[in-house]
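Student: To start, I am sharing the structure in question, which I have written as structure tokens.
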Amino acid sequence: MPATPYIKKQLKFALYTSPVIGAMAITPITIMDRYPFDKWLISVLTIMILALTLWGLNILLWIWTKGVAIKRYIISILINLVIAWGVSLFLFNTGQLGHHGFHSTYFHFHLILFLSIDTVILILQDLLVTREKKAAIELENQQLRLKNMEAVNQQLKQQIQPHFLFNSLSTLKSLMTVSPENAEEYLVRLSEFLRSSLSSHSLNLIRLEDELHLCVNYLEMQKIRFGNALEVHIPEVGNNAYYLPAFSLQQLAENAIKHNILTPDSPLHITISIQDRTITVSNNWQKKESLTEGPGVGLANLQERYRLLSGDDIVIDAKNDVFSVSIKALEYESSDH
């Protein structure tokens, strides 16, 4: 943090604390001596001006010594001793210090007053600067944490696309041999999906309706591939201010297809439901017995991405032959990105 903000904050703090220092310094004395209010007020204003002067002195010393504590303390105390001696000398020459001169109680009072106020100001100054430095360090750490989270999130997103594209091209090749008409429709859906995904690839969060549109294109491609073995139920969603991690619903739909058996006699039913801000992707559980890749990798990817973006977890529920994953839509401002 540059020096200028420190100086501005110290000046502002000096204006706030000087009246308090003035009141606290003189009040015990006036109570014991029973000063009238006008004399108390004059004394408070005098010490307040003194406190402001000492604040200014210590701020200048902080700039000159570049915040080096020991050097600043020694110089500040020496200057205050000189000022206290000068004030007492002036009062002595004007006859206000009494006939005992520098051995009088008034001289000791001035000395203690100057040093006490200066010590309080030095402590307050150090507390203020330490607090600001701590806040600056915490802000820097937060920015580094967000940059690291951004890098991790991008890495997790990059794991989604390669295997999907490979599978899609393999499916397209098979359809071109078996059913050219379906292959053409599949290619149209694939191009639409890729166009949408490219526009979303650099984003961590996309609008709920855009994510649903992406998921619809993906599921329509899978319906062409699997025919009556796959049934899909997706609600209509209007414009709203909610966001989801990019590719999250598509990833959940892909996970359901990948880990379940699909046949025309026992079709896989994928349903996307929305209640308030909670989006749930559910399917009837027809789990495959063996997989080339361990189960849960896609969900673990999404879980980690969602945790990075929101600090929360997705909700996974598997009971009564129904597997569901619920994810809470985010307000853009509430996310870390």
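The values are calculated or read from the model by the stated rules, or taken from the named source; none is laboratory data. Since the structure is predicted, the reported quantities are computational estimates derived from the model, not experimental observations. Heads up, the Cβs are rebuilt from the backbone with ideal geometry, glycines too, and the neighbour counts pull from every protein chain shown.
Student: Just a yes or no: is a residue in the range 78-87 at pLDDT 85 or above and farther than 26 Å from LYS8 by Cβ?
Tutor: Yes, the range 78-87 contains a residue that is at pLDDT 85 or above and farther than 26 Å from LYS8 by Cβ.
Student: Would you pick out the residues in the range 173-206 that are closer than 30 Å to LYS328 by Cβ and assigned to a loop (DSSP other than H, G, I, E, B)?
Tutor: HIS201, SER202, LEU203, ASN204
Student: Among the residues of the range 184-204, what is the count of those that are surrounded by 19 or more Cβ atoms within 10 Å (Cβ to Cβ) and at pLDDT 85 or above?
Tutor: Summing the residues that are surrounded by 19 or more Cβ atoms within 10 Å (Cβ to Cβ) and at pLDDT 85 or above in the range 184-204 gives 3.
Residue-by-condition table, conditions (1) free of Cβ contacts under 8 Å to residues at least 40 places away in the same chain; (2) closer than 18 Å to LEU302 by Cβ; (3) not aliphatic (A, V, I, L, M):
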| position | (1), (2), (3) |
| --- | --- |
| ALA241 | no, no, no |
| SER248 | no, yes, yes |
| HIS259 | yes, yes, yes |
| LEU262 | yes, no, no |
| ILE272 | no, yes, no |
| SER282 | no, yes, yes |
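Student: Please list, ordered by residue number, the strands (runs of 3 or more DSSP E) wholly in the range 210-289 having 1 or more residues that are acidic (Asp, Glu).
Tutor: In the range 210-289, 230-233 are the strands (runs of 3 or more DSSP E) which contain 1 or more residues that are acidic (Asp, Glu).
Student: Is it true that GLU333 is at pLDDT below 90, surrounded by fewer than 14 Cβ atoms within 10 Å (Cβ to Cβ) and part of a loop (DSSP other than H, G, I, E, B)?
Tutor: When the stated conditions are applied, GLU333 does not pass them.
Student: Exactly one of these conditions fails for GLY67: (1) surrounded by 16 or more Cβ atoms within 10 Å (Cβ to Cβ); (2) more than 20 Å from LEU127 (Cβ to Cβ); (3) at pLDDT below 75. Give me its number.
Tutor: (2)
Student: Just to be sure, is ILE117 part of a helix (DSSP H, G or I) and either exposed (fewer than 13 other Cβ atoms within 10 Å of the Cβ) or at pLDDT 85 or above (or both)?
Tutor: The answer is no for ILE117.
Student: Between a residue in the range 125-140 that is touching a residue at least 24 places away in the same chain (Cβ under 8 Å) and any residue that is of a type in the set (Ser, Thr, Tyr) and part of a helix (DSSP H, G or I), which pairs come within a Cβ distance under 9 Å, given they are 6 or more apart or on different chains?
Tutor: Close Cβ pairs satisfying both conditions: LEU128/TYR6; VAL129/TYR6; GLU132/TYR6; LYS133/TYR6.
Student: Right, here's the next one. Please pick out the residue among ILE279, ILE270 that is modelled with pLDDT of 90 or more, under 18 Å from MET221 (Cβ atoms), crowded, with 17+ Cβ neighbours inside 10 Å and touching a strand residue (DSSP E or B) at 6+ places or on another chain (Cβ under 9 Å).
Tutor: Unique residue meeting the criteria: ILE270.
Student: Residue by residue through the range 1-22, note down the ones that are surrounded by 15 or more Cβ atoms within 10 Å (Cβ to Cβ) and at pLDDT below 80.
Tutor: Those that are surrounded by 15 or more Cβ atoms within 10 Å (Cβ to Cβ) and at pLDDT below 80: TYR6, ILE21, GLY22.
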